[in-house]
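Data block below; observations after.
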Amino acid sequence: MRHFLIAAGILSASLAAADDAPATTKPVLVVYAPDYFGSEWGPGPQIEADFEAICACDLQFSTGDVLGRLMIEGAATEADAIIGLNTDATARARATGLFVPHGQDTSDLTMPVAWQDEVFLPFNWGETAFVYDESRLPNPPASFEALLDAPESLKIVIQDPRSSGSGLALLLWVKAVYGDEAPEVWARLKPKILTVTKGWSESYGMFTAGEADMVMSYTTSPAYHLIAEEDATKKAAIFPEGHYFMVELAAQLAGSDQPELAQAFMDFILSDTFQSKIATGNWSYPARLDPARLPEGFAALPRPGKTLFYTETEAEALRAPALAEWLEVMSQ
Amino acid sequence: MADRAVALSGRFGTALGLAVAGLVLCLTLGTLAAVAWRAEAASGLGPADWAAVRFTLLQAALSATISVVLAVPVARAFARRRFRGRSVLIALLGAPFILPVIVAVLGLLAVFGRSGLLNDALRAVGLPEVSIYGLQGVLVAHVFFNLPLATRLILQGWAAIPAERFRLAASLGLGAGEVGRFLERPMLRAVLPGAWVAVFVVCLTSFAVALTLGGGPAATTVELAIYQAFRFDFDLSRAALLAAVQFALCLAAGGLAARVARPAGFGAGLDRPADRWDGASGWLKAQDVGVIALVSVFLLLPLALVLLRGVPQVGALPGSVWAAAVRSVAVALASTALCVALALPLAIAATGRGGRWIEAAGMLGLATSSLVLGTGLFLLLRPWVRPGDLALPVTVLVNAVMALPFVLRALLPALRDLQAGYGRLSASLGLQGFARLRLLTLPRLRAPLGFGAGLAAALSMGDLGVIALFADQGTETLPLQLYRLMGAYRMDDAAGAAVLLLGLSLGLFWVFDRGGRGHAGL
């Protein structure tokens, strides 16, 4: 009951605050972001506060399907900037012609892949990985090949590439390691795939509930358990064949009615203030931050020896055929 | 027949009903048209889409049939027996229907999953494990969700048989078999088709459950194909086509049910609680007790495991989750009020001329893809307002329209009985318009209205719905916060939020349902 009263108090106070706010003279910067980014438990709120402290503006994250919304709205979009696209979506985003260059120097990023794109600016990155719990799986497969050869009793849970970004990343990962052999690889992997879920959350929930031995996630996932839960049992299996590079990007819109603010936001993205919120805010590696400044849990994460990456052109060309191959094998 | 509509609803009432039907059509077919209009090129459906249509039909038909067939003995057992805690148990058994999908799936897996109780037990006695993943899993989940709905709809049918008919049957010395033949079978003929369609259409739009428990893309439904058309291919024309297929399937099922259904024609009674002399034998008693026990274990065990995991976390939930809970309750209450206000004129108009069409319009809300509805609304609203500013009002409206079919399902049989039993009396008394609504219709519909309002409130509470497409800061609902917690690795907090959501949904359902039943023995 006490919580109820507190919550009701907070709610009415915030409603009252909204009502009382005078016709604000502060300019508004609208940034489209994925749900997890803008959520209270993502990096959004902290970054918003930090930026508003220097911009004399009102930064608003508008959450949802960033690319879908942009494609529906076209040039009439109210977004001044967007954040949170992956390279598997940037080819289609670029083709809309709605963006202007970010104007940042990307020569000294702390990423395993060199970055020269003038339009899409990286703000964090990670690599795909299968995550396991060593108390339940003491001898995880030591390579992708070993995973394919593992007994059928080893069960993994993955995401559907049609509805999930990490699901699509897995398709591209398999393609990057095995190329034309991808269909055979899926056929070998299939008996070990417990099920396929709509999104990452469902998969990860099934993994932590003990239903699956391994889950398709990221090399940085164990950092959450280590830092937030002081649980060192969750590990990412590191494969010598390499891990697929996932980078999240931001861009500013040509049609923005606040071009200076949008530019200021682009300038802010690679700043230490922004970058230092990424590790424990988005559980990823910052795009430009001195590794010495990473939290302890991150520094302890094992890094893959090899990073695999498709440019957006390659990813866009592979997307549809890789999905067709996957559906062909997995639907049987 | 021609004067029926006039007698029951009056011209004003009919106009109101038609207006509501128009609103529903705007929201369903209108949003679909908006999406199709925005599409740049026309495209057709490929073989994968047709495979999705076939799987959708198969699983929905099987799920509906199994749910309804199992619901008959359950409803009969509850109709024949009176025991302490009966009404609490009936309300609790409704819980699976109102749970957010992701929570229910984790609950089901805790029982039937690889490391669930069932397989633990099988291993303990040395039996081979069973896998839930596959068509069997889709069916188990859909029966878990929809058996409660089917049971309640059928139980209403039993409650609508006047007690005098059972008394007459007893005085004629009819046993359970004859009561079944003369009373229960005609009632089932009237009620089952509607219940079947309701479950069928719910399963028609299933996506995350079917995929997760179906074990992979072989279990692709039309709704997932729509999702793919939007997210993966950005092919709005295909998305609109697939959504149209979903509507067509819904209408076909509704038409089929309307052909099969026959009014039971029991006439009016004196509303005495029914004594069931036909169920007195020890064998029937054992049978009923067994059925109730089995269904309780099946429906309540997964819920108990969800509670067990989440209850310790509830106290530690952050303030924003409680704020979202308050917001969700407000949205649920508003959309319940709206839903009932829409359902009543629609149901009254549906008992009149052209009623089947009005009824069908009301059912369309169920067959709507929330992605198409949300996108369509977004497209329609955008020229006039910032869609984000209307996030909560739009959620209220959409939740009301989505719950409309259930309230309609609950109201219509009762309303048809009302017309058959009291239509002539009230016509001879000149009772019409608001006087008739106040003195006859509302008091007689109290129980189904309460049940319908409870369902509407609980569904609105648990539905992620369009808010995910519209959400702005400060408009988050409890289901959205739950998904966001999961998306940020916070599975324990999410489990706590799930318990909060379950408690609030059930609480709302209980308050309305209980208020509607009053003294009656349903």
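Condition check: in contact (Cβ under 8 Å) with a residue 40 or more places away in the chain, assigned to a loop (DSSP other than H, G, I, E, B), within 12 Å of chain A (Cβ to nearest Cβ) and not hydroxyl-bearing (Ser, Thr, Tyr). Does B:Ile132 satisfy that?
Taking the combined requirement at face value, the residue satisfies it.
Residue-wise test of (1) touching a Phe, Trp or Tyr at 6+ places or on another chain (Cβ under 8 Å); (2) surrounded by 21 or more Cβ atoms within 10 Å (Cβ to Cβ).
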residue	(1), (2)
B:Asp120	no, no
B:Gly126	no, no
B:Tyr133	no, yes
B:Val140	yes, no
B:Phe145	yes, yes
B:Ile154	no, yes
B:Pro162	yes, no
B:Arg165	yes, no
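Determine the pairs where a residue that is within 14 Å of B:Val111 (Cα to Cα) and open to solvent by 60 Å² or more (accessible area, probe 1.4 Å), located within segment B:280-303, has a partner that is part of a helix (DSSP H, G or I) and at pLDDT 90 or above with Cβ atoms under 9 Å apart, the partner being 6 or more residues away or on another chain.
B:Leu301/B:Gly107; B:Leu301/B:Ala110; B:Leu301/B:Val111; B:Leu301/B:Leu117
Yes or no: A:Thr280 in a helix (DSSP H, G or I), β-branched (Val, Ile, Thr), in contact with an Asp or Glu (Cβ under 6 Å, 6 or more places away or on another chain) and surrounded by fewer than 21 Cβ atoms within 10 Å (Cβ to Cβ)?
Here the answer is no, as A:Thr280 does not meet what is asked.
Only one residue in B:Ala367, B:Ala347 is over 20 Å from B:Ala243 (Cα atoms) and either out of contact with any Phe, Trp or Tyr (no Cβ under 6 Å at 6 or more places or on another chain) or more than 14 Å from chain A (Cβ to nearest Cβ) (or both). Which one?
B:Ala347
State which residue is farthest from B:Gln246 (Cα to Cα) when the search covers only segment B:14-47 and only residues that are open to solvent by 20 Å² or more (accessible area, probe 1.4 Å) and of a type in the set (S, T, N, Q).
Of everything passing the filter in segment B:14-47, B:Thr14 is farthest from B:Gln246 (Cα to Cα).
If you check A:Gln263 against the conditions, is it in the same structural domain as A:Cys55 (by TED's automatic domain parsing), crowded, with 20+ Cβ neighbours inside 10 Å and either over 26 Å from A:Glu73 (Cα atoms) or over 16 Å from the mean Cα position of the chain (by Cα) (or both)?
no
Kindly indicate the residue of segment B:487-501 that is in a helix (DSSP H, G or I) and open to solvent by 10 Å² or more (accessible area, probe 1.4 Å) and also farthest from the other protein chains (Cβ to nearest Cβ) among those meeting that condition.
B:Val499
Kindly list the number of the only condition in (1) open to solvent by less than 50 Å² (accessible area, probe 1.4 Å); (2) basic (Lys, Arg); (3) away from chain A (no Cβ under 14 Å) that fails for B:Arg327.
(3)
Among A:Ala150, A:Ala146, A:Ala209, A:Ala232, which is within 11 Å of another protein chain (Cβ to nearest Cβ) and among the hydrophobic types (A, V, I, L, M, F, W, C)?
A:Ala209
So which helices (runs of 4 or more DSSP H) are wholly in segment A:53-157 and hold at least 2 residues that are assigned by TED's automatic domain parsing to the domain that holds A:Tyr32?
Helices (runs of 4 or more DSSP H) meeting the threshold: A:66-73, A:87-95.
Identify all residues within segment A:169-199 that are among the aliphatic types (A, V, I, L, M) and open to solvent by 10 Å² or more (accessible area, probe 1.4 Å); write none if there are none.
Within segment A:169-199, A:Ala176, A:Val177, A:Ala187, A:Ile193, A:Leu194 qualify.
Confirm whether B:Val191 is part of a helix (DSSP H, G or I), away from every other protein chain (no Cβ under 14 Å) and over 25 Å from B:Leu89 (Cα atoms).
No; evaluated as a whole, the condition is false for this residue.
Looking only at segment B:182-202, decide whether some residue is open to solvent by 10 Å² or more (accessible area, probe 1.4 Å) and either in contact with an Asp or Glu (Cβ under 8 Å, 6 or more places away or on another chain) or among the hydroxyl-bearing types (Ser, Thr, Tyr) (or both).
No, every residue in segment B:182-202 fails to be open to solvent by 10 Å² or more (accessible area, probe 1.4 Å) and either in contact with an Asp or Glu (Cβ under 8 Å, 6 or more places away or on another chain) or among the hydroxyl-bearing types (Ser, Thr, Tyr) (or both).
How many residues are free of Cβ contacts under 8 Å to residues at least 12 places away in the same chain and either within 13 Å of chain B (Cβ to nearest Cβ) or of a type in the set (A, V, I, L, M, F, W, C) (or both) if we restrict to segment A:175-201?
The qualifying residues number 1.
The values are calculated or read from the model by the stated rules, or taken from the named source; none is laboratory data. Owing to the predicted nature of the structure, the values given are computational and were not obtained by experimental measurement. Cβ sites come from the backbone with ideal geometry, for glycine too, and all protein chains shown count toward neighbours. For the accessible areas, the whole protein counts, side chains as well, though only heavy atoms, and no ligand, DNA or RNA atoms are used. Shrake-Rupley method; radii C 1.70, N 1.55, O 1.52, S 1.80 Å.
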